[in-house]
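These notes are about the structure you will find just below.
The values are calculated or read from the model by the stated rules, or taken from the named source; none is laboratory data. Predicted, not measured: the structure shown is a model, and the values here were computed from it. Don't worry about glycine lacking a Cβ; one is built from the backbone with ideal geometry, like all the others, and counts go over all protein chains shown. Calculation scope for accessible area: heavy atoms of the full protein, side chains included, ligands and nucleic acids excluded. Shrake-Rupley method; radii C 1.70, N 1.55, O 1.52, S 1.80 Å.
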Amino acid sequence: EVMAVVKADGFGHGLGDVARTAIASGATWIGVTSLAEAVAVRESGVDAPVLSWLNPVDADVRVAARYGIDLSVPSLHHLAVIEQAGPVRVHLQLDTGMARDGAAPDSWLALMSAARRAELAGKVSVVGVMGHLPCADTPGLNETGKRALLRGVEMARQAGLRPSMRHLAATSAALTDPGSHLDLVRIGA
C-alpha cells in the first residue's frame, strides 16, 4: 500500500488538495506529522486511513479518537497518554537505526508488553509497527534497519499483538530498495 505524506501543508501545495488528489490517484493512506494536520485532512473530506506521527507527548490525543486518526507510539510515556484517550488505533514506532524518533531497542519488550495490556483493556488497537531507515538512499546500508523492524514485529507477535501493517520505507527507500517495502511505503518528498 502507499501512504501519501502531506506534511507541511502538502509540501506547500495545500494539504487538503494534495491529500484528496493522492487518494484519487491510488494512495490508500495519508500520513502527517501532527494532529492538527490530521484533523485538517479529515475536515477536507478525506476518509482514508490517516496516520499522525511526531506528536509531542502532551498533544491532545483525544482528537485522534474523535476523528478516527491512527497515532504512532514511540515510547511508553506516549502510550500511557494515548491510553487515556482511547480507543485509538496505534502503530508502535521503533528506532531501527535513524535515532530520530521511536522506541530504543532496549525498551521494545516493555513497549510491546504495555501495548498488549492496553489492547486487552480496550484502550488501543495495535494495527502497525513502523520505523525509519537511517540511510534510505543507500540500499546496501538498509539491512540492519530491515532486520531490526522484523525483529520488532516478531517481538510484538510474541507479546500477543497482531499488527497487520509493517512499514519502514519512506520516499528514498520506496524508490531504491524494494526489500524495504513490506506492507506499506510512505511517499512524501
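Among MET155, MET130, MET98, the order of accessible area from largest down is MET98, MET155, MET130, computed with a 1.4 Å probe on protein heavy atoms. Computed in the context of the full set of protein chains, the accessible area of the chain at 1.4 Å probe radius has 55% of its extent on carbon or sulfur.
Probe of 1.4 angstrom, ligands and nucleic acids ignored: what's the accessible area per residue over the chain, in square angstrom? Kindly include the intermediate steps, with their values, before the conclusion.
Values: 8250 Å² over 189 residues.
Ligands and nucleic acids excluded, the result is 44 Å² per residue.
Note on segment 29-71: with charges restricted to the Cβ of Lys and Arg (+1) and Asp and Glu (-1), its dipole about the Cα centre is near 80 debye. About the centre of its Cα atoms, the chain shows a dipole size close to 480 debye [charges on the beta carbon of Lys, Arg (+1) and Asp, Glu (-1) only; nearest 20 debye]. The distance from the alpha carbon centre of segment 25-67 to that of segment 157-185 is 19 Å, rounded to a whole number. Our helix-only sum for the chain, with -39,500 (n - 2.57) per DSSP H run of n ≥ 4 divided by its residues, gives a mean residue ellipticity at 222 nm of -11500 deg cm²/dmol. Labels on offer are (1) 170; (2) 100; (3) 150, and the one holding volume of the Cα convex hull per residue in Å³ computed from this structure is (2).
Relative contact order for segment 1-90: 22 percent, from Cα pairs under 8 Å spaced at least 6 residues apart, divided by residue count.
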